[in-house]
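Beneath this line is the structure, given in structure tokens, with notes to follow.
Taken together, the values in this text are just the output of simple stated rules run on the coordinates, not laboratory data. This one's a predicted model, so the numbers in the text were calculated from it and none came from an experiment. Here the Cβ is made from the backbone with ideal geometry for all residues, glycine too, and neighbour counts use every protein chain on show.
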Amino acid sequence: MGDFLIMAYPWVKGFHIISVISWMAALFYLPRLMVHHTEQVGLEGKTHKIFAMMEYKLAKVIMNPAMMSTWLFGLLLVATPSIVYWGDIWPWTKGASVIAMTVFHIWLMRRMRGFQRGENTVTGRQYRMMNEVPTLLMIIIVFSVTVKF
């Protein structure tokens, strides 16, 4: 298996990067939709139904598959011999940040299901603040991998 992963490494890395870009795009966009849903639309009517549908499709069609493929290809990269030296700090900071990103993803999924039910307990301002979470985590992840401190 190790020889196969070494040969497939450039392809796995490419698919990992594509998956991450897709996941990040969704993680950036869904909270923005929720800001507008909260501040401009409300929880009733035709526009509410359109926003709830857009949020649902973004989450289920793009965000969930992108997260799963990010994890799959990332774990394949970790399993590739001689790629990760666990004595360094960077794999741990990246791993912790990816787990935090996944927790944020789950939080967004719960908010999306709330909108589906016509419920929302988060303000537009709170969604704006939460929209910064993936940016901060992305910065940690990128510098962990590129600087390898």
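Some points to look at:
- Applying both filters, DSSP loop and at most 15 other Cβ atoms within 10 Å, to the chymotrypsin sites (Phe, Trp or Tyr not before Pro) of segment 19-123 gives Tyr85, Trp86.
- When each full DSSP H helix of the chain is screened for a Cα extent of at least 30 Å along its own axis and an average Kyte-Doolittle hydropathy of at least 0.5, the helices passing are 2-36.
- Unit charges on C-beta of K, R, D, E only; dipole of the chain, Debye: 400
- Choice from Pro65, Pro134, Pro31 showing the highest fluctuation, given a GNM over the chain with Cα pairs closer than 10 Å: Pro65
- In plain terms, the chain from Ile139 to Asn120 could stretch by 3.9 nm, reckoned as 0.36 nm per residue minus the Cα-Cα distance.
- Coil-residue GluC sites (Glu not before Pro) of segment 29-130, DSSP, other Cβ within 10 Å capped at 11: Glu44, Glu119
- The number of Lys pairs in the chain with C-alpha atoms less than 20 Å apart, excluding pairs fewer than 8 positions apart on the same chain, is 6.
- Long-range HN-HN contacts of Leu43 with modeled amide H, under 5 Å: none
- Longest site-free stretch - the chain; sites: trypsin sites (Lys or Arg not before Pro), DSSP loop, at most 15 other Cβ within 10 Å: 1-116
- Among Gly95, Gly124, Gly45, the largest mean-square fluctuation in a Gaussian network model of the chain (Cα springs under 10 Å) belongs to Gly45.
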